Structures are given as structure tokens and as C-alpha cells.
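Colleague: Take this structure, written in C-alpha cells, and hold onto it; I'll ask about it next.
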Amino acid sequence: MIPTVTDSMARAGGRVLQAGVGVLAHLRPADKPLHPHGEVHLALLRRHRGATTGAAFLDEGGADEVVVRLSRAVGLPEKVPDINGLAVRVPTARGEHADLLLATTGHGRWTRFLLAPKTRLFDGFFSTLLPYRAPTGPVWLGAQFAGAATWQLVWARPGTDWTPFATLELTVESDHDLLLSFDPTRSTPPGLEIYEWHRHLRAPAYATARRSRTPVAKPLRGLEHPRYE
């Protein structure tokens with residue numbers, strides 16, 4: 001099959017991102033190339049029933065214990081604006097897990113596609129930047145800090161406002177920063193899929209980042225999800 005223009009562009013972009021991560025990994029041999037330091041928490045994810053996307057993760061209610069990591073992409077001091085990251089590891093069937101990765105972006109219908117550097121770790125609106133494929137079409141996921149260690153999770157279709165579907169309540173914080181390996185291209189929450197162009201764009205960089213790290217011996221108390229892959 002002849003690759004589409006989008007697929008070819010995604011593959012080319014993926015090689016560029018992979019090369020950039022490789023350079024950072026060389027400069028940081030003892031640390032993660034991106035998001036080198038962060039806060040790791042256990043959290044309770046409470047999903048509300050009522051959405052109509054066709055994706056079980058968004059439409060069906062439920063409660064799960066998840067792992068959350070808050071970090072800054074480049075690792076700059078807090079006084080210097082950086083892209084903040086919110087990573088959430090959610091359990092799936094058969095004891096497996098899926099990773100959601102969100103970064104600080106704009107909140108509006110167009111600015112949600114633009115990264116937005118912030119100073120404090122909890123500042124700003126977070127989104128997946130790129131869409132997931134749901135049975136009813138593409139959807140974006142977002143998160144807004146609501147105070148008291150609680151986040152509101154939202155979703156949107158192209159050209160629509162954000163609709164709440166869950167709350168995320170941080171609970172236990174680790175006593176040190178774990179080198180958790182997050183990768184949203186390897187597994188997805190129930191009913192959501194990664195577009196192939198999305199996978200070609202991001203998967204090579206995540207693979208390079210994983211190869212640059214070593215396993216962490218000390219686990220977070222109560223953490224049952226894999227620490228390193």
C-alpha cells in the first residue's frame with residue numbers, strides 16, 4: 001500500500017523527534033532526556049457516566065486507582081516558563097495499563113493545539129494536543145487543576161467546547177521521583193485508539209527514551225503498575 005501524505009509526514013516528523021530525544025539522552029546520560037524530574041502520586045480517578053463518544057473510558061462511570069506524574073518537559077527551574085506535563089497511568093483489562101500524557105496548552109478551540117509554557121507545576125490547562133480515535137470520531141482529552149489536589153478531566157470533539165467526564169484526586173505522594181516509563185502509543189484506555197500517523201510521529205521517540213534509561217529498584221508504596229519497560 002502506498003503511504004498517504006499524512007503518514008509520510010508523520011514518519012518524517014517521528015525521525016526528527018527521535019533524533020532530538022537521542023541528543024538529549026546523550027547530554028543527560030544519568031537522567032531522563034525529557035521530563036527529568038517530577039512528582040509521582042497515587043490518585044483516584046472517578047469517571048462519570050453520560051458522554052456519548054462510543055468510548056467506554058469516556059462514556060461509562062467507574063473508579064480506579066491510578067498513578068500520576070507531574071513534571072516539566074525540559075526540567076527548567078520553576079521561575080522559568082517550561083512545558084508542564086501530566087501523565088496518568090490507568091488500569092485496563094487483564095491487569096494491563098494504558099498511559100495518558102497531557103501537556104500545558106491553550107484552552108480554546110484553536111489554542112488547544114498550541115503548547116503553552118508555564119512557571120508553576122500546577123498552572124495552566126493541559127491537553128493531549130493530538131486526538132484519539134473514538135467510535136464516533138476524533139476526541140481530545142484535557143485536564144484543569146481544580147484545587148485541593150483535584151483535577152477535572154474533560155473531552156472535546158473538533159470545534160466543540162470541553163465536556164467534563166471525570167475527576168482525578170491525588171492521594172499518596174512518593175518519597176522520591178521514580179523514573180516511570182510512560183508511553184501513550186503502546187496501549188490506550190477502553191474505546192480509544194491511536195491513529196497510525198500519531199503512532200509513527202511519537203513512538204520512535206518514546207522507544208529511544210526508554211532505551212536511554214535504567215530500571216529503578218525502589219517502588220512507590222502501593223504501586224502495582226510496571227515501573228520500567
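The values are calculated or read from the model by the stated rules, or taken from the named source; none is laboratory data. Predicted model only: the values in this text are computed from it and were never measured. All Cβ positions, even for glycine, are placed from backbone atoms using ideal geometry, and neighbour counts span all protein chains on display. Surface areas here come from the heavy atoms of the whole protein model, side chains and all, with no ligands, DNA or RNA. Shrake-Rupley method; radii C 1.70, N 1.55, O 1.52, S 1.80 Å.
Here's the yes/no breakdown for (1) in contact with a strand residue (DSSP E or B) (Cβ under 7 Å, 6 or more places away or on another chain); (2) of a type in the set (Asp, Glu):
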position: Thr150; (1), (2): yes, no
position: Trp155; (1), (2): yes, no
position: Asp161; (1), (2): no, yes
position: Phe165; (1), (2): yes, no
position: Glu169; (1), (2): yes, yes
position: Phe182; (1), (2): yes, no
position: Pro189; (1), (2): yes, no
position: Tyr195; (1), (2): yes, no
position: Arg199; (1), (2): no, no
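Colleague: Follow-up question, since we're still on this one. How many of the residues in region 131-164 are in a loop (DSSP other than H, G, I, E, B), open to solvent by 20 Å² or more (accessible area, probe 1.4 Å) and either among the aromatic types (Phe, Trp, Tyr) or touching a Pro at 6+ places or on another chain (Cβ under 9 Å) (or both)? Explain how you work it out, then say what you get.
Modeller: The first filter runs over region 131-164 and keeps only residues in a loop (DSSP other than H, G, I, E, B), leaving 131, 135-136, 148-149, 157-162.
Retained after the next criterion (residues that are open to solvent by 20 Å² or more (accessible area, probe 1.4 Å)): 135-136, 148-149, 157-162.
Okay, now just the ones that are also either among the aromatic types (Phe, Trp, Tyr) or touching a Pro at 6+ places or on another chain (Cβ under 9 Å) (or both), so 157-158, 162.
Final tally of qualifying residues: 3.
Colleague: Something else: Mind telling me which of the residues Ser174, Ser127 ends up being within 24 Å of Glu65 (Cα to Cα), in contact with a helix residue (DSSP H, G or I) (Cβ under 6 Å, 6 or more places away or on another chain) and crowded, with 17+ Cβ neighbours inside 10 Å?
Modeller: Details: Ser174 fails: in contact with a helix residue (DSSP H, G or I) (Cβ under 6 Å, 6 or more places away or on another chain).
Of the residues listed, the single one that is within 24 Å of Glu65 (Cα to Cα), in contact with a helix residue (DSSP H, G or I) (Cβ under 6 Å, 6 or more places away or on another chain) and crowded, with 17+ Cβ neighbours inside 10 Å is Ser127.
Colleague: May I pose another question? Given (1) touching a strand residue (DSSP E or B) at 6+ places or on another chain (Cβ under 9 Å); (2) at pLDDT below 75; (3) over 22 Å from Ser127 (Cα atoms), where does Pro215 come up short, assuming only one miss?
Modeller: (1)
Colleague: Continuing with this model, one more query. Looking at region 88-114, which of its residues are touching a Gly at 6+ places or on another chain (Cβ under 9 Å), open to solvent by 10 Å² or more (accessible area, probe 1.4 Å) and not in a loop (DSSP other than H, G, I, E, B)?
Modeller: Within region 88-114, Leu101, Leu102, Ala103, Phe113 qualify.
Colleague: Could you grab the pairs with beta carbons closer than 8 Å, sequence gap of 6+ or different chains, first residue in region 44-63 and crowded, with 16+ Cβ neighbours inside 10 Å, second one part of a helix (DSSP H, G or I)?
Modeller: Arg47/Phe57; Arg47/Leu58; Ala51/Leu58; Ala51/Asp59; Thr53/Asp59
Colleague: Is it the case that Gly85 is modelled with pLDDT of 95 or more and either in a strand (DSSP E or B) or crowded, with 18+ Cβ neighbours inside 10 Å (or both)?
Modeller: Numbers: modelled with pLDDT of 95 or more: no; either in a strand (DSSP E or B) or crowded, with 18+ Cβ neighbours inside 10 Å (or both): yes.
Here the answer is no, as Gly85 does not meet what is asked.
Colleague: Quick check on my filter: what residues within region 37-55 are touching a strand residue (DSSP E or B) at 6+ places or on another chain (Cβ under 9 Å) and either of a type in the set (Gly, Ala, Ser) or over 18 Å from Phe122 (Cβ atoms) (or both)?
Modeller: Within region 37-55, Gly38, Ala43, Arg46, Arg47, His48, Arg49, Gly50, Ala51, Thr53, Gly54, Ala55 qualify.
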